[in-house]
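Please read the structure below before turning to the comments.
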Amino acid sequence: MKVWIDGDACPDISDILDLCHHYQTPVCIVCDDSHEFQNIEEVKVVSTGFQSVDMYLLNRIQAGDFVITGDYGVATIALAKQCTTLHPNGTFYTKDNIDQLLLQRYIHGKMRRQKIRTPNPKKRRMETRLQFLNQVESVLKEGDCNEDRY
């Protein structure tokens, strides 16, 4: 198992790296050159471009990998490739919830194009952060991806 972090859409990266190092799990942060990570060797920087990070990540993940992303499109393809996939709010993407999330994204996009206000995301709370890090650690402890999460 390898941990892949969508560096464009993931908080708590230093904490995730600490957990990966503790559990001796390989990790790669993928981001474009508009992000800056100091002294982190696990970073792969790709050129800035429409979905360049997503395409790099999706072309390299394999069945059994662990993907952390806030991007529903990336999550959908990662699930299809049988990866464990986690949102930064601590919720696992699954075959049971991904269609609803994609539909919600579509509806909100349609509303924005019609100049209708959509709900703003709430500020991330400490409980959410802790839940997220606990979920990351639970996957790393297992050491292998759980089929129930696809």
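Each reported figure results from applying straightforward, stated rules to the coordinates on display, with no laboratory input. As the structure is a computational prediction, the values presented were derived from the model and not from experiment. Quick reminder, even Gly has a Cβ in these numbers, built from the backbone with ideal geometry, and neighbours come from all protein chains shown.
Dividing the convex hull volume of the alpha carbon atoms of the chain by its residue count, what do you get in Å³ per residue? Could you put the intermediate results ahead of the total?
Values: hull volume 18.0 nm³, N = 150.
Dividing the Cα hull volume of the chain by its residues yields 120 Å³.
Which of the peptides 132-143, 81-92 is most tightly packed, and how do the rest follow, going by the mean number of other Cβ atoms within 10 Å of each residue? Show your work: numbers first, answer last.
Values: 132-143: 16.0, 81-92: 20.3.
Answer by packing, highest mean first, reads 81-92, 132-143.
Given an 8 Å cut-off on Cα distances and at least 6 residues of separation, report the relative contact order of the chain as a percent. Don't jump to the answer; show the numbers that get you there.
Values: 225 pairs, mean separation 38.0, N = 150.
Relative contact order of the chain: 25 percent.
In this model, which of K44/K110; K2/K123; K95/K115; K2/K95 are farther than 23 Å apart at the alpha-carbon?
Working: K44/K110 33 Å; K2/K123 30 Å; K95/K115 31 Å; K2/K95 21 Å.
Among K44/K110; K2/K123; K95/K115; K2/K95, the Cα-Cα distance tops 23 Å for K44/K110; K2/K123; K95/K115.
Suppose only helical runs count, i.e. DSSP H with n ≥ 4. What mean residue ellipticity at 222 nm does that imply for the chain under -39500 (n - 2.57) per run, divided by all residues and rounded to the nearest 500 deg cm²/dmol? Mind dumping the intermediate values first?
Numbers: 5 runs with 61 residues, N = 150.
So the calculated ellipticity at 222 nm is -12500 deg cm²/dmol.
If contacts are Cα pairs under 8 angstrom and at least 6 residues apart, what is the relative contact order of the stretch 1-60 in percent? Could the numbers behind the result be given before it?
On the way: 72 pairs, mean separation 20.5, N = 60.
RCO, the stretch 1-60: 34 percent.
What ranking do Y106, Y56 get, fewest neighbouring Cβ atoms within 10 angstrom at the top?
Numbers: Y106 11, Y56 18.
Ranked by crowding around the Cβ, least crowded first: Y106, Y56.
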